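The values are calculated or read from the model by the stated rules, or taken from the named source; none is laboratory data. Predicted, not measured: the structure shown is a model, and the values here were computed from it. Quick reminder, even Gly has a Cβ in these numbers, built from the backbone with ideal geometry, and neighbours come from all protein chains shown. When the accessible area is computed, the model is the full protein with side chains, heavy atoms only, and any ligands, DNA or RNA have been set aside. Shrake-Rupley method; radii C 1.70, N 1.55, O 1.52, S 1.80 Å.
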Amino acid sequence: MYRIRVLLFKILMSKLSPLLLVIAVFYLYGGWAIPDLNEPYYICKAIHYWQPNWIPADTFLESRDAHWFYYIVFGTTSFFLTPYMMALVGRLICWSLMAWGWCRLSQTLLCSNVVNNADDVNSTNNIIPLIALPVFTAAVFLFYQTNFNLAGEWVAGGVEGKTFAFGFIFFAFDAMCRSRWRQTWLLLGIASAFHVLAGGWSVICALLAWLFLQRNERPKFITMLPALICGGILSLPGLLPALRLNADTPADIVAQSNDIYVFFRLSHHLVPSQIAWTMSVRFLLMTAVWILLVSGVFYSVIKTENGSNDNNNETNLAQKTMARFVAASLLLAFIGCVIDILFSGNVITATANRPLAAKLLRYYWFRTSDWAVPLGLTFTGTRFLFMLATPVWVYIGNVTIRQLTGLIFSLTLIALVMFLVVHAVLFGNFSWTTQPDAKVVWMIITVCVLHFTWVSINGYRLYPELSENANGVKRFAALLLTVMLIVMLFLTPLLGLFDIGGKRTTATFAKAEPLSPYTAFYWLDICNWIRENTPTDAKFLVPRDMNTFKWNASRSDIGVLKEIPQDAASIVKWERTMNDLFSYKSEEGETKWDRSITMLFWWKTDKEAIELQQKYKFNYIVCPSQPDLSHKKYLEQVYKNDMLAVYSIRKIIKRS
């Protein structure tokens with residue numbers, strides 16, 4: 001019985017506790033109020049796939065399905081869960097899957113370098129005990145991925161096909177770093193089924209990583225071929241619907257839709273020359289730091305590889321494989337930049353070929369590097385810090401000191417995560433005015449930073465580069481690098497946890513709702529009234545940025561800016577709708593896309609308004625309550641609050 005208890009305790013400490021803590025970190029970064037930005041888009045499509053009578057005759061929901069496998073798998077939950085609960089359950093599943101993969105990846109890339117026996121969570125050779133290591137790396141990764149991405153890609157967030165795919169990508173990444181290539185291709189095939197671009201680009205990067213490895217470090221291609229074929233078959237549920245989207249669409253419509261998709265709707269994700277320069281600078285800075293760190297790690301590995309043990313050899317190969325994957329993702333991003341420079345016409349006009357640029361850029365060339373580079377920075381930087389600190393740590397003869405400082409680090413990090421999560425759960429939906437005592441916050445930070453500083457700054461005793469025989473410049477540079485790593489890999493992400501934890505403990509509306517809480521309150525009031533007082537088959541004209549209308553009101557709308565379809569014909573139709581309803585010429589002759597519905601009907605004649613209604617078949621409009629449009633004979637105000645109003649059109653127009 002005693003042995004069973006000991007075994008259960010080891011499982012709890014070594015497996016379950018890190019998993020739960022990493023899930024907590026993913027929650028802190030991705031646990032925005034439901035629905036998140038893309039959840040109305042994907043969850044509503046998933047529900048409608050299985051229940052066509054839910055919001056019938058909606059143009060967006062009835063457009064072709066690019067993420068068919070995601071809708072098939074996740075949409076089944078709509079039969080017994082509300083949209084809100086679908087988002088909640090889906091998030092927990094995705095975060096758990098990603099956290100599980102992340103824990104395995106942390107062990108693969110770091111643990112044989114930290115402890116002699118990775119299963120011994122109480123080993124006194126640990127700088128960061130195993131229970132805290134995945135939490136530490138997850139916090140670092142999500143901080144840099146969230147704040148230093150180039151094209152707006154995210155990992156921790158609302159539930160959609162991409163978040164399911166990332167779970168399998170992390171498992172595939174772990175298998176790849178363990179040189180289990182056949183398992184890698186199968187897992188990436190499943191990831192591609194959920195999201196063909198996230199998984200597909202990962203397949204290409206993994207193939208390039210395999211190609212970049214030395215021949216004695218990789219299996220022969222012929223031995224991987226059956227697994228590659230099986231992975232390709234597994235990816236077909238995601239690949240075939242994407243290939244069939246425009247199979248019967250004329251080429252000119254496809255070209256027009258590409259231009260709309262790339263240069264009008266999603267240029268902030270797809271066109272580097274139209275991405276804010278500050279985001280480019282941050283991403284390039286992060287990439288430069290990763291290159292410096294990986295160069296330092298590989299230089300040290302080359303010097304010590306012949307005398308290292310098998311565990312370190314395996315870790316070195318894992319680090320090499322990871323670095324080559326990251327380099328492959330940067331190569332894809334570079335190709336995307338070249339396409340933009342040569343063909344978009346935004347940089348070089350002499351070689352401009354806008355249709356070709358739109359055709360190529362719509363495939364999200366920067367999606368993989370946005371998460372791969374932060375991942376590489378996290379594990380390479382942590383490895384480099386361990387290379388400086390671990391020998392010092394083991395050199396310390398007093399085991400009690402090692403145990404005590406390791407315990408302090410683990411407890412402070414775990415306590416911090418638990419503190420933030422508990423308060424986010426308890427107070428996230430209510431106003432919370434009590435903030436953590438600043439003295440406590442800085443005490444935690446100081447203890448942890450002093451811990452790393454102490455074990456790192458004594459490195460001159462063991463490293464030739466830091467020895468007394470080395471010149472002062474070399475010693476100063478090495479110590480400065482160590483301190484910079486401490487700040488970059490620990491202090492900054494820790495402060496990031498406090499920042500994101502503060503957002504979880506502040507009452508807020510969902511990010512998908514209107515930006516102003518004042519507007520969001522009245523918007524939800526309008527949606528609730530519509531859901532309870534209008535026919536289920538009614539169609540609405542709503543403001544262009546109100547992309548949660550279907551989610552909140554369960555009614556059809558003509559279209560909003562966020563809900564761009566995926567197939568070419570529907571994209572062209574969507575653009576014409578947006579142009580009809582929301583575009584106008586400013587006094588300077590510039591085309592604007594933010595016309596309010598109130599102004600639209602204020603300036604239209606009765607005949608023009610009736611023609612617009614007959615074209616789009618809407619029965620109601622939702623618009624600002626001021627100025628009042630009740631004087632229009634074709635409008636009948638049926639509900640209003642202090643900000644918004646609902647007008648009925650159907651009965652009035654029939655009498656016109």
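Brief remarks on what is shown
- Residue match in the range 527-534 (condition: open to solvent by 10 Å² or more (accessible area, probe 1.4 Å), at pLDDT 90 or above, on the phi < 0 side of the Ramachandran plot and assigned to a loop (DSSP other than H, G, I, E, B)): yes
- Elements of type helices (runs of 4 or more DSSP H) in the range 186-296, at least 2 residues being surrounded by 21 or more Cβ atoms within 10 Å (Cβ to Cβ) and under 20 Å from the mean Cα position of the chain (by Cα): 196-212
- The number of residues in the range 365-385 that are open to solvent by 10 Å² or more (accessible area, probe 1.4 Å) and either of a type in the set (Val, Ile, Thr) or modelled with pLDDT of 90 or more (or both) comes to 2.
- In the range 633-649, residue modelled with the lowest pLDDT [restricted to those that are out of contact with any strand residue (DSSP E or B) (no Cβ under 8 Å at 6 or more places or on another chain) and open to solvent by 10 Å² or more (accessible area, probe 1.4 Å)]: 633
- Checking each residue in the range 535-555 for being out of contact with any Pro (no Cβ under 7 Å at 6 or more places or on another chain), more than 19 Å from residue 600 (Cβ to Cβ) and either of a type in the set (S, T, N, Q) or not in a loop (DSSP other than H, G, I, E, B) (or both) picks out 536, 552, 553, 554.
- So residue 582, is it open to solvent by 20 Å² or more (accessible area, probe 1.4 Å) and modelled with pLDDT under 90: no
- Only residues that are under 15 Å from the mean Cα position of the chain (by Cα) and part of a helix (DSSP H, G or I) were counted across the range 27-41, and they come to 5.
- Of all residues in the range 297-328 being hydroxyl-bearing (Ser, Thr, Tyr) and in a helix (DSSP H, G or I), the one that is modelled with the lowest pLDDT: 304
- Listed by first and then second residue, the pairs with beta-carbon distance under 7 Å, at least 6 apart or on different chains, first residue in the range 161-174 and under 13 Å from residue 71 (Cα atoms), second surrounded by 24 or more Cβ atoms within 10 Å (Cβ to Cβ) and of a type outside the set (Ser, Thr, Tyr), are 161/67; 161/194; 161/195; 162/195; 162/198; 164/94; 164/194.
- Residue in the range 233-253 that is in contact (Cβ under 8 Å) with a residue 40 or more places away in the chain, closer than 25 Å to residue 272 by Cα and touching a Cys at 6+ places or on another chain (Cβ under 7 Å) present: no
- Number of the condition not met by residue 174 [criteria: (1) open to solvent by 20 Å² or more (accessible area, probe 1.4 Å); (2) under 21 Å from residue 370 (Cα atoms)]: (1)
- The condition of being open to solvent by 10 Å² or more (accessible area, probe 1.4 Å), under 18 Å from residue 329 (Cβ atoms) and of a type in the set (A, V, I, L, M) does not hold for residue 142.
- Condition broken by residue 331, with the remaining ones in (1) within 19 Å of residue 377 (Cα to Cα); (2) modelled with pLDDT under 90; (3) open to solvent by 40 Å² or more (accessible area, probe 1.4 Å) satisfied: (2)
- Scan the range 535-563 for residues that are of a type in the set (Val, Ile, Thr) and open to solvent by less than 10 Å² (accessible area, probe 1.4 Å) and the total you get is 3.
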